[in-house]
Each structure stands twice: as C-alpha cells, then as structure tokens.
Amino acid sequence: MQMPADAVPVLELDGLVRTFTTGGGLLRKGRSMTAVSDVSLRVAAGDIVGVVGESGCGKSTLARLAMRLIDPSAGRVLFEGRDVTQDHGPRLRPLRKKLQMVFQDPYSSLDPRFTLRDCLLEPFAALGETAPPGRVEALLDQVGLDRSFAGAYPHQLSGGQRQRVGIARALAYRPEVVVLDEPTASLDVSIQAQIIALLQELHRTSGLTYLFISHDLGLVRYFCTRIVVMYLGSVVEEMADPDAVPRHPYTAALMGSSFVPDPTERAQIVPLEGEIPSPFALPPGCPFAPRCARVQDRCRASRPALTQTTGASKVACFNPVEA
C-alpha cells in the first residue's frame, strides 16, 4: 500500500539504532555491535509490511524496538503520530492495547502452568482490568479453536494450535497493529499455510495492520503488500511491489535461492561467495561488498544511501541490478 505523502502512518520508525555491548574483563575490553543501524519505516493502516533477511540481520531486534520491548540507542518510535520512544511503565499501557506481538515460538511464549483460558485472560490481568464476559470464547472462535480447549494446557496442544492461541492472545484487546515475529518458522509447511490463511482472514475481517518478520522471502512475497530487506542491521531495499524485479544484489540472491513447488521449474542457484563481515567489525563501505558480484571500488569506501528508484521503492546500492 503506497501511503500519501501527507498521511500520518499508524506506525513509524524513524532512524532507529540499537547497539549492544559485551562486557569486558580485567585483560579484555568490551565490544559493541550495532544490531539495527539507522532504520526508518512507515507503516500505513491496513498495510502488511514484510521485513526479510538472513538470521542475525536485526529483524527480531527491529520488531522488539517497534513494540517498545527494548529501548533504541537512537531514533524514535511513533504510533499514530505520537512519539512513544520515552514512554515506560504505566505510560505504555494505552499503546499495549493498540500494538501487540505474536512470537516465533508458540510454546515458550505461553506459560505452561496456565490453562488456555488463563493465557487469554493474561493481557487483561497485566493491565489491571477484567475481560468482558465471553471474551475467551470469542477469541477461540476467532482463531478457529473449539471452545472446549479453554481448559487445556499448552503442552496438550500441537504447535499450530499453540500458535493460534498466541494469535488469539494478541487479539485480546482488539489491537490496530500486530507485529508477527516469524510466526510460522517453527511449524510444518502444511500448518504454516493454515496460519497464513488465518492471518489473511483476520486482516480482512478485523482491518488489522501487520509488521511481518520472516527469513522466507517466498512467503513474504505471497503474504505482504510491501517488502523491506535487511542485511547486517541496515535496510538495503524497500519493494513497494512484492512482484517487482529486485534491484539490490542481495535481494536478487535471496529470490534466486527460493524454490518453486514445481519439479519442471529447475533453477540453478548461484551461491554467494565471500565471508559475512563480523557485526563487531563492519567494513567502512557497503556491508554487502565482500560478497557482492557487482562490487565497485566506491562500494568498499563509502556506504550507499537508501534512495528512491521506481515509485515508492528504494535501494541502497551504487550498482543496482537493472529493472
């Protein structure tokens, strides 16, 4: 969804930076790494924005920054135009009702001592409120679980059923935005399809806005309306059209490694060469330069800015792939 220039996004990340520091010792200095580096993102109401990249690229850290679960080292988080970066404790309670998260592991995100009823009532208890009568049953209906599951414990459910509970818990307060941190990564392929179908139905019927974190570019292209590609903490490409030809060499490599479920479509995968730079010692230029087949001298000297290409799409590359 292309947002009008004067529209206020429901969720905006402005120049977010998050640095982690490892503790030093008597004979060893502490080291710092930047997990998220100057990431800006505008999410319109009703949009499904996918954030994709390899493991360790900063996707989950970005999700936690957007949720205000961790504080940014620099930058701002705005919700419906209001800066919530400095909000903590009770000041975050109104945001918690409008912005919710579904975690990757549906088992570790649910308290094993709680019944499903307790799990679904937990958001209300956390904010010192009482759930409306029948809310638990309505949530179970909404995610396709029988009401008899209310008395069950998480270990009695399958992985897909537990993830449905995680989705139901995120919907407890009828939020506007849901951050999905790889919600299908730990599930079988057939169950993944069911969860994606459920999310699509909820998006259609409830008008939800999604920030969808994944490492599966094929899934993101199918499910999302816009794609953001990250590499070593930075955004290297924004694709306003998921079906468009990728412009950044890294995005092109990711798409080239995606399999098509058709035995007649045999693609030759060209593996990326070179080593991934250490996040504790990133090169001065483009972080993808050591692995890029289109690298130029200036790529190693300076980092390319994220610049607009076609429509609302952007790419951070001095020598992008031809459209």
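Residues that are more than 16 Å from the chain's Cα centre (by Cα) and basic (Lys, Arg) within segment 35-87 comprise Arg76, Arg82, listed in sequence order. If the condition is being in a strand (DSSP E or B) and aliphatic (A, V, I, L, M), then segment 24-75 contributes Met33, Ala35, Val36, Val39, Leu41, Val43, Ile48, Val49, Val51, Val52, Ala74.
Taken over segment 290-323, the residue count meeting the criterion of being outside any loop (DSSP other than H, G, I, E, B), under 21 Å from Ile227 (Cβ atoms) and in contact (Cβ under 8 Å) with a residue 12 or more places away in the chain is 3.
For segment 73-105, which residues satisfy the criterion of being crowded, with 17+ Cβ neighbours inside 10 Å, under 30 Å from Gln161 (Cα atoms) and of a type in the set (A, V, I, L, M)? If the condition is that a residue be crowded, with 17+ Cβ neighbours inside 10 Å, under 30 Å from Gln161 (Cα atoms) and of a type in the set (A, V, I, L, M), then Leu95, Leu99, Met101, Val102 are the ones that fit.
Residues checked against (1) hydrophobic (A, V, I, L, M, F, W, C); (2) modelled with pLDDT under 90; (3) surrounded by 15 or more Cβ atoms within 10 Å (Cβ to Cβ):
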position	(1), (2), (3)
Cys224	yes, no, yes
Tyr231	no, no, yes
Met239	yes, no, yes
Pro246	no, no, yes
Pro249	no, no, yes
Ala253	yes, yes, yes
Thr264	no, yes, no
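Among all residues of segment 53-72, there is none that is in contact (Cβ under 8 Å) with a residue 24 or more places away in the chain, of a type in the set (Ser, Thr, Tyr), more than 26 Å from Ser257 (Cα to Cα) and surrounded by fewer than 22 Cβ atoms within 10 Å (Cβ to Cβ). When Val39, Val17 are checked against the criterion of being surrounded by 19 or more Cβ atoms within 10 Å (Cβ to Cβ) and not charged (D, E, K, R), Val39 stands alone in meeting it.
Determine if segment 18-34 includes at least one residue that is closer than 18 Å to Tyr210 by Cα and more than 14 Å from the chain's Cα centre (by Cα).
No, because not a single residue in segment 18-34 is closer than 18 Å to Tyr210 by Cα and more than 14 Å from the chain's Cα centre (by Cα).
Within segment 12-48, the residues that satisfy the criterion of being β-branched (Val, Ile, Thr) and under 19 Å from Thr61 (Cβ atoms) are Val17, Thr19, Thr21, Thr22, Thr34, Val36, Val39, Val43. Applying the criterion of at least 2 residues that are outside the structural domain of Phe212 (by TED's automatic domain parsing), under 30 Å from Asp71 (Cα atoms) and within 27 Å of the chain's Cα centre (by Cα) to the helices (runs of 4 or more DSSP H) found wholly in segment 88-162 leaves an empty list.
Checked across segment 158-175, the condition of being of a type in the set (Val, Ile, Thr), under 30 Å from Ser278 (Cα atoms) and touching a strand residue (DSSP E or B) at 6+ places or on another chain (Cβ under 6 Å) holds for no residue. Cβ contacts < 8 Å: first residue of a type in the set (S, T, N, Q), restricted to segment 77-90; second residue surrounded by fewer than 15 Cβ atoms within 10 Å (Cβ to Cβ), any location; separation 6+ or different chain. Result? Here the result reads Thr85/Asp71, each pair linking segment 77-90 to a residue that is surrounded by fewer than 15 Cβ atoms within 10 Å (Cβ to Cβ).
The values are calculated or read from the model by the stated rules, or taken from the named source; none is laboratory data. No experiment lies behind these values; they were computed from the predicted model shown. When we count neighbours, we look across all protein chains shown, and the Cβ atoms used for this are built from the backbone with ideal geometry, even at glycine.
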